[in-house]
Structures are given as C-alpha cells and as structure tokens.
Amino acid sequence: MQNFISEQNLNTLLDKLIAAGKRVVAPRLTAGTVLYEPLQKAEQMVHDELPRRSAKETFFPVCEDIMSYEKEGQQVRLTDIDPNSFPETILVGVRPCDAAAVPVLDAVFSWDYRDEFFLKRRDKTTIIGLACTTADDACFCTALGLSPADPKGSDLFLTPVEGGGYTCETFTEKGEQFIASHGSFFSGQSDAKTLPLAQPQTDKFDLKKVKAWLDEHFEDPAWDSIATRCVGCGACAFVCPACHCFDIVDEGTEKKGKRRKSWDACGFWKFTHHASGHNPRDQQPKRYRNRIMHKFKYYDDKFGQTLCTGCGRCIRICPVGIDIAAIVEEISKK
Amino acid sequence: MAKEKVYMHAEKQKHSFEPKIIAFVCTWCTYAGADLAGTSRMQYPANVRVLKFPCTGRIDPVFILKAFQQGADGVLVSGCHPGDCHYIAGNYHARRRFAAFRKLLEFIGVDLDRLQFSWVSAAEGGKWVEVVTELTERVRAMGPMNEFKELALDEQWSGKLDSPELKEAYNAI
Amino acid sequence: MTQAIDTSIYSAVTSAIQAEAQRILSEGQVSAVVGYAPARRKGSAQPVVITEASDAGKLIFSASCVNNLAVYLTKAKKEIPKNGKIGIVVKGCDLKALVGLMGETQLKREELHIIGVPCAGVLASTFQPDKALTTETIAPKCRECDAQLPQGCDFVPPQQPVTQALEKKYAAEIARLEALTPAERWAFWKEQFSKCIKCYACRQVCPFCYCEQCLCDRNKPQMVETSPRPAGNTAWHIVRAMHLAGRCAGCAECERVCPMDIPLNLLNRKMAKELKELYDYEAGFEIKEKGPLSSYDEKDDQSFIK
Amino acid sequence: MSRIGVFVCHCGENISRTVDVERVAAEVGKLPGVAFSTDYKYMCSDPGQGLIKKAIREQRISHVVVAACSPRMHEKTFRKAVEAAGLNPFLCEMANIREHCSWVHEDREEATVKAIEIVGMMVERVKKNRVLPTITVPVTKRSLVIGGGIAGIQAALDIADAGHEVVLVEREPSIGGHMAQLSETFPTLDCSQCIMTPKMVDVANHPRIKLYTYSEVEHVEGFIGNFQVTVRKKARSVNEDKCTGCGVCMEKCPIRKIPNKFDCNLGTRPAIYVPFPQAVPNTPVIDRENCTKFKTGKCGLCQKVCGPGAIDYEQEDRLIVEPVGAIVVATGFDLYSITEKPKGSAIKGYGEFGHGKIPDVIDGLTFERLASASGPTGGKILRPSDGREPKQIVFIQCVGSRAREKGISYCSKICCMYTAKHTMLYHHKVHDGQAYVFFMDARTPGKNYDEFWRRSIEEEEAVYIRGMVSRLYQKGNKIVVMGSDIAVGVQVEIEADMVVLATAVQPRIGADSLAQKLGISYDKYNFYSEAHAKLRPVECATAGIYLAGVCQGPKDIPDAVSQASAAAAKVMTLFAKDQLEREPIVARVREASCVGCFACKKVCAYGAVEEKEIRDRQGNLIKVVAYVNPGVCAGCGTCQATCPSKSVELDGYTDEQMVAMIEAL
C-alpha cells in the first residue's frame, strides 16, 4: 500500500511533472497575493494559506476565448477553439472546501448542455487535495457537513503528518493511476500521526430548515435588512469556489475580434438588466437574495446539493462585511 | 535653413521600422494648419493618420489609450494656441485634462516620448511639418510600442492556450 | 518597530454617536442614520442603516469601522430610503468625499445631519477584524491623515484622538515608482493589473463612482474591454484613475476592498499629488463649485506642449 | 447593413500624380460595407457630382465617402450633392487625400497606402454616422436694447425702422446718455444736442419702440430667438400717461439745492425733476431720497399743483416680462473718477492731481458742461470756485489711461481728440486765454482727425507739452502745475487758473453684474467681450446677444454709431427668417444615464447646458439631469470629453464615430 509521500518527494515529483511539460497548479504567491497558479518550481507552493481565489479557474477560467472572427470583404472567417488543446493539469494543494466544490460544478456544466470547455479541462485535471491545519472565524465548512479533512472532489488527498510528509489516500481511478505512474515517489504506511487539523467553530446548519424558510420567503423584509448594505460588486462570486455564472461577450473591431466567456456575478446591476432597460432585480437586496436562493434553494431543488462549501472567502473579502454564515445561521433559527 | 531642406527634399530612405502615428487635431487650427502644409507642398513622413475633432476640448483621454491599444506607436494631440480657441476655452480645458493624463500614463509606465502635444495654428503649416516629422523620427528611433500590443495578447493563466496552431492564429490577430 | 495606536477614545465616541443618533431620530430630525454596527466575527463592524431611535444603541465606532459610508448616499445606491434628512457617521476622510459630492450637486448639505468622528485611525484590512490597531495594521491612508477631526459637521464628539507622526507609505511608494524606468513601472503595474478579476469592488465602494451607467459598461462603442484580461484590466484602471483625478477625496476604499490586493490608491494619490503641484488643488472640507479638471486658468502650465 | 459608396477623385493630377487612385478605389471596394467604389478626374465638377447622385439612386447607396481634397474645401459641395440625391447630408464624409496625402508625400507607394488607410478610416466612420436633421429654432422678432445713449438709440432706431419691435431700457430718467451732456463734437464742432435731440425724439415717437426709462434689466432667461427679459420699472412717482410735461411741479418744488448730476454737479435741481430740459420722455421723476414728502410725509405741493393729477406717491416698482429674440447691449461708460474710487475697483487713485480737493481741477465731462450752451454757465467757461474766467488753462491727458502701474493699461481713445476740441472751445470763448496740454502721444487716426488736432495747435494756439505732470498744487488763487517737457528736456511750471483732466473711460459701474445676468463674458476691466476680436466684433460668444458702443471698449461717437448699426444689422439678419436654422452639430444628453453632476455645465463656455427636472407621472421629482439647448450649443464637444458617464454626445462627432476611426487603423 503506497500511502505516504515525503515533502521532498512531493517536491521532486512536482518538479519532474513540470519538467515533463505538465501544468502543475498550486497555491503560490503572485504579486503579493496567494493564488492558485501554475508553478515553475515545486518550492513555490504555499502550504499554509488559503488562496485568495478558489481553484475553480483551473476548469472555469476567469476569461477564455471560445471563438475568433475576421472579416475580409463581404466574407467572415470564424475560428473555433479546439478543447483538445487544453493542457493536462495537476492541481495540487487544493483545500477541501475548494475540492468539494468541483463535483458541484460538474453537475451544472454537464446537465442539459455539456459545456465542453469546462468538461474537457476537468477531464484533463488530476486533483490532489490537502487537509487544513489552520482556520479562522470566517471558515464554516463544518457547518455545511464538510470538514478540514474532507476528500470530496479530490482524486488524491494528502494529510500532513508530524515530522513532515503526508499520508495519501486515493478516491478515484485518476488518483490511483497517478500513484501507479509515479509509484517510486510514494512509500508504504508510516506510523507518523497526522498533524492536528483545523477546527472551525461554527455548528452544523440545519440546511433543510434553511431551505424550508427560503421556499416560503422569496418576499420578506429580512432581505432588506440583510442586504441594503450590499454595494453590488462581484467580489463574493468571484472568490467563491462554487459560483459559476458567466457572461459571453464579443470583443474586437469591425474587422476582427473574439468571442469570450468570462466570470459574471449576480450582484451586478447589469446581470439581469434587460435590453429594454427594465431590470427585474432593480434593487441590491433582490440581487443578494438571488445569491442566497441559488446557493441554498435553487441548486438544491435541481441537483440536491448546496452551492456553498464554507470556505469563508466571501465573508473575508466583502467590502461591507456581509457574512453569509451569519445570514444562513439566522435563517435557520427563524 | 538646413532643416527646411531636409523636409523639402527628403531623400527617400528605407527604414526597417515605420511607426504608426495617430494625430488627434482640432478642425479650426491644426487641421487647417495641416491643410496649409499641403497647399504649400511641404513634405513630411507618411506615417501620420489624422483624426479631426471640432476642438481639442472634445478629445477624450480614452481615445489616446485606445490609439495605443490599437497599435499606435506614437500619438499627437494638437489644437489652437491659447486664446485662439474657436470655442472660447476648449483648448484650456484640454490643456488641463492632458497635463493630468500624461502624468498618469507616465506613472503606469508609458514612455512620454511617444505622446506629443502641440499648438499648431491654421497659419503654421511649417510647424505642423516640424511636429509630425520630429515625432515620427523620434518614435522610429524608439522602435515599436510593444507594451500595449503584448498586453492585448496576454491572458490570465487559466485562459491561456498552448496549441501552436491556435497560437499562430492568435498572433495573426 | 510595531507600536500600539491609542484607540481608547473609541468607546466614549461610540456612546456619543449613540446618544446623538438617539436624539436626532427621536426628535424626528432625520429619517435614518447610516453608521456602523458590530457583526458576528470577533471585532468586526459593518455598515448599518437605522430608522428607529431604539436601535441607536447598535451603533459603534472602532478600528474596524473602515467603510466610507458616503457611498450609501449616492445615486448609484438607491437602496437607502432618502426621504428627508439623513444622518451619517463619517471619519474625516469620509467627510471629504461628502464635501466633494456636494460640489458635484449629488448631495445637499441641508439634507444631511453629519456626525463626525474624532479618529485615531482604522485597520488597513478587515480580513482579520480582531487585530489590534498598531503601526503595522493601521491603514496606509491613516498614516498621512490630516483630518483626524472632521470640520463643519453637525455634531462631533468632544474626544481628542492621540495621534503620532508615521512614515507616509504612499508618498514613499510613489517616489520609488517614479524613480524607476517606464519599462520597470509598466512591469510593476502589468503584474498588478493582471491579477484583476473585474469584480468592480473598487468602483462599487467609491463614493465618486456614482454614475448609474459606467462608461466601462458601455458597448456602443466599447471604450474599455469588459472581459477580465490584462488589456481590459489595464484600460479599466487607467480610465478610472483619470475619472477620479481631481475628485478623489482619498478614502482609499478602492484599495482596501480589492480582493486581489492591487494598490489602487497609489494611482489616486499620484494624481492628487500632480494636481496639487499643477493647480494647487486639494480635496478638503470646503465645498468647491469646480474641480481642477472642470476649470482652467489662462496661465496654466503648458511646458509639455510644443 | 450600410451600402457605402466611395468616390475617389484624381483632382486633375493633383492627387493621381502621387496616389494610385484606381488602386485606392479597388482596395477600398473590398472593405466590409462598401457596395460601390469608383474614381473620377474631377469629383467636384458637375459630372463628378452627377456620378455620386447616380450611384446613390442606382446602387442604393446609403452612405458616401468622397476621397478628395480637404473637407474645409468641398465638404459643403458634396453634402449638398448627396442631399440633392435624397440622402441626409450628414451621411457624407470626405477623406482628405490631397492636402494630407498627395501634396505632402512624394513616394507613390507610401502615399497610396496612406490614402487607402485614410479612406478606410472614413468608411468606418461613415458607417456610424446618423441622420441629422437641421435644427430650427423659432425666432421672436422683437429686440431688447439695453442703454439709451447714442449707441442704444441708433441700434433701436435701425431695428425699428426695419420693421421690428424694440424694447429700449434706460437706467436714467431720460435717454441721451453721455452724448447729451457734450457741448460740441469733434472733428466738425457741431452742437451735440442739435444732432442728438432729434434722434431722441424719433425714439420717443417711433411706433415700434417701447421705451422704458428709469428702468433696469432685472433678469434674463432663454436663448437666441427666445429670451424672456424681466425689466424693473422703478417707481417714478409720476404717472407717465397723465403727465403733460408742463413743468409746474418742478417750479413749485421747495427743495431746490440738489446737485444736478447731469451738469456734473455744477448746477442744482429740485426734488422733482427732469435731468435736462430736452429730456425724453419729458416726464419728471421724484427723487425720493431728497423729497420732503417721502422723508417726512409733509409737503405734497407738487401733487397739489399738478393739473392732470399725475403725481402718485404710492407708485411702486413694476416688473415687466418682455419676450425678445435678440439683445443689443449698449450700456456705455463712466468716466474714471479720481476722487471717488468705485467700490471694488482695483484701480489706484490719482490723488496727486487734486481732483475733488481743488475745485478748479475738473474732468473733461465737467468742462463739456461748462462749454455747453445749455449748461449751468450758459456756455461761459467759468471757474467753479469763484466764477472767474480762467486765463491760463492746463489740460492733462492720459489720466488713468495707459498707466499699467495704476491699473489701466488701455488707451481711452477719445481723450486726444476731445482735449484738442476743448482747447478750441476755450480759445473761441476766452480769446485772451492760453491753453496748455500735457500729453504723452497724440493719437489721432480717423477721418479729419489729425487735421483737427493740428488746427488746435496751429490755428487755435494751444501749447502742447510732451511730458507728464509730476505735481499740482493750489497757491493762492492759482494752481501750480509742475511737469517736464521731455522734448526739450526742461522742467515746466505753469500757474494755471483751471486744470482739466482727461480721465480714463471705463465700463459702467455694475457692468459685470449685468453680464452675469446675460451670460456674456467680460474682460478684467469689465468691458464686454466680443466673440472674435477681428471677425465677430459685434457679437457676443453667447448667441443672440450683440454689443454696441463703449461697453465693448473705448470708442468715439462715429465708431459707437457704426457698431450700433452693425449690431442692428446682425439682429435684422437673425430676424430675416421665421426659424433659426443651424448645423446640427450639437451636443445631446442621454437622460437615462445622466447623473446630474453638471461637469458639462461647468465646462460649457456658452451657457448651453441647463438643468432639467425629470418627474414621474405623479409629478414626483426623480432626478435632475443636464439639458443642452441646441439653439445655444456651439458644438465644441468639451462637455462630452468631460462627462464621466458619457451621457452627453456631440452629434457628428460621437464616441462611436471616433472610436470606429481609431479601430480602423
């Protein structure tokens, strides 16, 4: 049973993968901020900080081309993007809250329409999760039934042990294959104890109760008191591991340009702005309501899952201190 | 004298790089000045493309940005001398706006040698030739303005594509 | 060396704000008070709008009261009921924004009841709101603050903040960047702007970004690429800095809220510095009818014009 | 989808010599949206224009680009041609491949490539051009003239004679202005009153002139063709309809010692008075500050003696709104008084000349009253102090004028001539007297002016001393004038009986506040600014407002009259049509996105931006947005570049058009 990898071996393995032309994505420091980004060297990986953005962009880029056009005389030439050209990727050091969001995204991108752009990237990516040893009072994965050691979404899951190195479990064929192809870096059972893991404080939410209240309270004065302060930026959606709305725009000139798909957010005024000028979500509380509804009701209605993994990013970065954990807790007590 | 001779009887030289210069000018002074250079048959480099505005007051700084993004290697903004504005004070407002904007561009890292401002009156055909020639030659010596062009091709890592065919198609755009 | 900042007056300030809010609400002088209230996380605070005198006790002031609440009074925020006079809690830096908005006919002085806060400084970031205020954790804007005591308010608690001279980080960073070559500066900003994800938090918290439709949301013509790519990001931040030039009052909210840690206020401070040098203009407590870029002087500098 | 037609001109050989025009037409023909492209020898010729018209009709061309000379040359020609073929003229643009290309480059390849790009840019631009209807503004064919001096009178008479109604507003109880105060006028020495009073009477009798004297402009709203002017008609305390002008009230008034301002305070008048006997209207006014009835409630004598019962102590100021289409401003001047410094004036006084302290040191206008046959001395030159005839008289020129260090750097223009006239009048009246003139330069351009000036020296024996007076003081009965004669280089000392100062002409006190009401600009002295110093000298930058007389700058009577007639002609030009037509290159506000910051208003030099309230169906105010008055907008577009949300667009130069051109590069 190959279920241990030393820190040094992990680094050597990653460097080898990078040298072999694989894209290795992990938390690393970029211009002063920890983000999931491709590594040039394994040692760049940051182990002890939750990246500012989630890992979702590995499959769902911030912005990607989906087509380009060029006009010549009266002719228009279109060039499609070939999803087979997406690079093979090892996503490593993924936090449980980020990895747990991946199956949630899978559901929506393969539902009535199979989004090749997402699925092909997803298909070409191996996810290596990493248990958390620290948490702050914005973390609330435990409140949603996950945990700092939850392997949901990971092909392979690493847990740090005392004295260095990681125990390693596989959960998918992809994970098993990964160990099989790089067996020399893994060794048998070590008796080292796992490091004490993080313990987010929040009690488990009664999500059924939350959903039941949401089912009945599309219109409720509570929305005003929750979200009058919301200023309508998209920061919460953009740092969220599970939010997946996107916009498609054509950018370029009369002669040539590209069709691009990029992240969108329900907090934006423009999100539901009709061409007619009418906006059904004309006030910020209505937009924020959609965020909560989508996460704890609509997604559940459709896919039987919650569109939130408790990473706490939106709580930390919200410019006006909107605290989704506090809101859900409040709803659950109603 | 010597200078004029250069303009009037420019020896045709082939250069490895011909910069793209975009000029934003007001219709009453500089456009007319450029017309005068034409009617006087003065000669100047063919690199400049002129966009006519009613007044320098109409020129939005975004246009300068847009010009660089569209591949301009140098940008010229030119209008009426102070006190000569056809619209009383448009050039005074423009003067402040561009004084601020050039400082911003400089801070972002745009080399201000690529951005020229001038007052050229309807009577100053010669000055138009001088300004355009100088800017063209300066920018030609500096080489292409690659910053914005490279930026236009740059992607967030997650949206980058590596296939050579696509890269080629991309570079063509 | 890290030193603690004395915030001991904040509890007395809190009581004073509560008493004033209680008074103006119960006397019917205002229909609502925009202020700060504590939130779930330890040490945290969030903007709140209270309309009942009985809620006045919810108001606080602490080092995590970072927001510039002026944004809630602008046209871009329609959610605050604007019937009659509104009370608002402001720090000196926030008050400058209110004053700027009055100069741009967005607010009327007589429609506001301004509660000024004697302020010794607030936190740079509220990612960890329970941090103590020290020379390390204090917001960079507070290091160069000249407005600890707001002027021209309807009410200011009598406490005097204890202040100490701190190194001006913006000035130092601007000087550092100015000393670089254009190519080096370009590289610096390119790396910073490349992180941008166009969440528009900078725009949404800015009291001066009150346009109901932002130029950058336009697509006929598309002045700025909307997609979050380095090119469009750079254009966006240049255009925003230009639109704020001569208007920005220096609350630095854009920089604080940026989830990608882009030092946006550097751009605004740089422009403020230039406009001060060129036209002797500074944001302050006095309502000015025209800003530096909506006025001119025949004798303005034109040394850059051939 | 646009069907663009591109027409490339050879301009004989002017273009085709350097630019391969066939290749330009062929290359441009491949651009998306171009349906037709061709070249022709002379596109501006009749057959050339015919080619364009034919293509529009037969090829269903929707937009036109003419690649030829500068649009400053032939844009109008081609836009007319396009209009004749049924297209909106603003769907036609010109690509300048002559002045900006073929004439300035020699290399055929380079020039051809550049020409293709220039045309390509205009093709992209024209795609975004919109149909622009000509803007018409209705014109109210009535005019307001502010000021009843010679300039205002002339303008009013000219406009009224042309058949349009005129509202003439005069601040004083009578029209006439300064010219009515003058004795004789240069260079012909005809009596001012003789030539002035008939014109005043013409005004009073003109069926199309509505005269408001003792009135002021209170408020002005609106724009060219459509002004609403509020006039304050001050309470005269005399009913103008009943008063017959018999003058009994003035005879009986017990208060008689009020200094007469018209006579420069040399004579006196009663509390109920007309400023001078030939006043128009000949209706007295009660000076309420000095009238016993108003001060104590007693007296009332004038009411008792007034046969027609015209005296009305209860009369109040009236505000009258007059709709007019044009405004002529002719507010004239005040003489710079060196005794009384006007409030807020930046000008430094000339205390050294003793004006105001030495009674026989007077200004030029006072001398006019002394010399006037209708003046307080009946035309005799007598000293105000003792009524003696001065035998030695000194005139000092440039008092205030051309003295930068004292605050006025301009030349008052009339002083050289009137001082020469004064020496003559003096010589005619005091045969044994001697006149001296201290002067810096004599400025006498004008028909018969220099001859006139020379006559004062050569025939009328005035002694001209080039130099400045350094000191002046009273010594017994005499005024000692010390100065230098720089021509000879000696100090001069004259014991004079009287000194006349040619003090500077300056705009009326309060000219600035009237300018603010009118929305016109003025210089640092408060002279009103013309739209262009050379080519539009009688128009203000604010459309529909014209200038006449000294309010725009110092001038003499013939100049003031000429400018008044010119202003009248401008008004008549405006009134020649029922609708004012103008090029539709004006700014428009998109109210939906305007946030009412009014940055546009702050930068608009024409005052074209107004505030407009948007209300819902219940009448609740939703927001206040900017509105650009198309009648006033000059089309510079400064507002658009300033608008943060791009909610104001300049038609013809929209962001879409300009960006399309940039993107074509």
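Consider the range A:74-118 and keep the residues that are in contact with a Pro (Cβ under 7 Å, 6 or more places away or on another chain) and not hydrophobic (A, V, I, L, M, F, W, C). The one that is farthest from the other protein chains (Cβ to nearest Cβ) is A:Pro96. C:Asp130 - would you say it is at pLDDT below 95, within 24 Å of the chain's Cα centre (by Cα), surrounded by fewer than 16 Cβ atoms within 10 Å (Cβ to Cβ) and of a type in the set (D, E, K, R)? It is true that C:Asp130 is at pLDDT below 95, within 24 Å of the chain's Cα centre (by Cα), surrounded by fewer than 16 Cβ atoms within 10 Å (Cβ to Cβ) and of a type in the set (D, E, K, R). For A:Ile66, the conditions (1) assigned to a strand (DSSP E or B); (2) aliphatic (A, V, I, L, M); (3) under 17 Å from the mean Cα position of the chain (by Cα) all hold with the exception of (3). For the subset of the range A:41-50 comprising residues that are among the acidic types (Asp, Glu) and closer than 22 Å to A:Gly153 by Cα, which member is nearest to the other protein chains (Cβ to nearest Cβ)? For the range A:41-50, the residue satisfying everything is A:Glu49.
When restricted to residues that are farther than 16 Å from C:Arg203 by Cα, within 9 Å of another protein chain (Cβ to nearest Cβ) and free of Cβ contacts under 8 Å to residues at least 60 places away in the same chain, the range C:63-80 contains 2. When restricted to residues that are within 19 Å of B:Gly159 (Cβ to Cβ), assigned to a strand (DSSP E or B) and not hydroxyl-bearing (Ser, Thr, Tyr), the range A:81-100 contains 2.
A quick yes/no check of all residues on (1) buried (at least 21 other Cβ atoms within 10 Å of the Cβ); (2) modelled with pLDDT of 95 or more; (3) under 18 Å from B:Ala94 (Cβ atoms):
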site	(1), (2), (3)
C:Ala201	yes, yes, no
C:Pro228	yes, no, no
C:Ala241	yes, yes, no
C:Leu266	yes, yes, no
C:Lys270	yes, yes, no
C:Glu286	no, no, no
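Checked against the criteria, B:Asp84 does not count as out of contact with any strand residue (DSSP E or B) (no Cβ under 6 Å at 6 or more places or on another chain), buried (at least 21 other Cβ atoms within 10 Å of the Cβ) and more than 9 Å from chain C (Cβ to nearest Cβ). Pairing each residue of the range A:232-256 that is closer than 21 Å to A:Arg281 by Cα and facing chain C (nearest Cβ under 8 Å) with any residue that is surrounded by 23 or more Cβ atoms within 10 Å (Cβ to Cβ) and aromatic (Phe, Trp, Tyr), provided the two are 6+ apart or on different chains, yields C-beta distances under 7 Å for A:Cys233/C:Tyr200; A:Gly234/C:Tyr200; A:Phe238/A:Trp263.
Could you say whether any residue in the range D:271-282 is assigned to a loop (DSSP other than H, G, I, E, B), small (Gly, Ala, Ser) and surrounded by fewer than 14 Cβ atoms within 10 Å (Cβ to Cβ)?
Taking the range D:271-282 and keeping what is assigned to a loop (DSSP other than H, G, I, E, B), we get D:271, D:274-282.
If we keep only those that are small (Gly, Ala, Ser) as well, we get D:271, D:279.
With the extra rule that they be surrounded by fewer than 14 Cβ atoms within 10 Å (Cβ to Cβ), the set shrinks to none.
No, because not a single residue in the range D:271-282 is assigned to a loop (DSSP other than H, G, I, E, B), small (Gly, Ala, Ser) and surrounded by fewer than 14 Cβ atoms within 10 Å (Cβ to Cβ).
Of C:Ile60, C:Ile88, all but one fail to be in contact with a Phe, Trp or Tyr (Cβ under 7 Å, 6 or more places away or on another chain) and either within 14 Å of chain A (Cβ to nearest Cβ) or of a type in the set (Lys, Arg) (or both); the exception is C:Ile60.
Residues in the range D:350-372 that are modelled with pLDDT under 90 and in contact with a helix residue (DSSP H, G or I) (Cβ under 8 Å, 6 or more places away or on another chain): D:Tyr350 alone. Among the residues of the range D:278-286, not a single one is over 34 Å from the mean Cα position of the chain (by Cα) and touching a residue at least 24 places away in the same chain (Cβ under 8 Å).
Of the residues in the range D:92-111, none is touching a Ser or Thr at 6+ places or on another chain (Cβ under 6 Å) and either free of Cβ contacts under 8 Å to residues at least 12 places away in the same chain or more than 14 Å from chain B (Cβ to nearest Cβ) (or both). Within the range C:250-266, being among the hydrophobic types (A, V, I, L, M, F, W, C), within 14 Å of C:Pro207 (Cα to Cα) and at the interface with chain A (Cβ under 10 Å from one of its Cβ atoms) holds for C:Cys254, C:Val257.
Could you run through the range D:189-201 and say how many residues are out of contact with any Leu (no Cβ under 6 Å at 6 or more places or on another chain) and touching a residue at least 12 places away in the same chain (Cβ under 8 Å)?
Step one: filter the range D:189-201 for residues out of contact with any Leu (no Cβ under 6 Å at 6 or more places or on another chain), giving D:189-191, D:193-201.
If we keep only those that are touching a residue at least 12 places away in the same chain (Cβ under 8 Å) as well, we get D:189, D:191, D:193, D:196-197, D:199-201.
The qualifying residues number 8.
Kindly establish whether B:Arg95 is charged (D, E, K, R) and more than 7 Å from chain C (Cβ to nearest Cβ). No: the conditions fail for B:Arg95.
Among the helices (runs of 4 or more DSSP H) confined to the range D:588-665, the ones with at least 1 residues that are within 9 Å of chain B (Cβ to nearest Cβ) and touching a residue at least 60 places away in the same chain (Cβ under 8 Å) are located at D:655-663.
If we keep just the residues of the range A:51-73 that are of a type in the set (A, V, I, L, M, F, W, C) and within 7 Å of another protein chain (Cβ to nearest Cβ), which is surrounded by the fewest Cβ atoms within 10 Å (Cβ to Cβ)?
Here is the first cut: in the range A:51-73, the ones of a type in the set (A, V, I, L, M, F, W, C) are A:55, A:59-60, A:62-63, A:66-67.
Of the ones still in play, those that are also within 7 Å of another protein chain (Cβ to nearest Cβ) are A:62-63.
Numbers: A:Val62: 24, A:Cys63: 27.
Step by step, filter the range A:51-73, then rank; the result is A:Val62.
If you check B:Arg102 against the conditions, is it facing another protein chain (nearest Cβ under 7 Å), closer than 28 Å to D:Glu99 by Cα and not in a loop (DSSP other than H, G, I, E, B)? Break it down into steps so the answer makes sense when it comes.
Numbers: facing another protein chain (nearest Cβ under 7 Å): yes; closer than 28 Å to D:Glu99 by Cα: no; not in a loop (DSSP other than H, G, I, E, B): yes.
So B:Arg102 fails the test.
One line per residue, one yes/no per condition, for (1) surrounded by fewer than 22 Cβ atoms within 10 Å (Cβ to Cβ); (2) among the polar types (S, T, N, Q); (3) not in a helix (DSSP H, G or I):
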position	(1), (2), (3)
C:Asp6	yes, no, yes
C:Val13	no, no, no
C:Val33	no, no, yes
C:Ala37	yes, no, yes
C:Gln46	no, yes, yes
C:Ala76	no, no, yes
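The values are calculated or read from the model by the stated rules, or taken from the named source; none is laboratory data. It should be emphasised that the depicted structure is a prediction, and the values quoted were computed from it without experimental measurement. Using ideal geometry, Cβ is built from the backbone for each residue, glycine included, and neighbour counts are taken over all protein chains shown.
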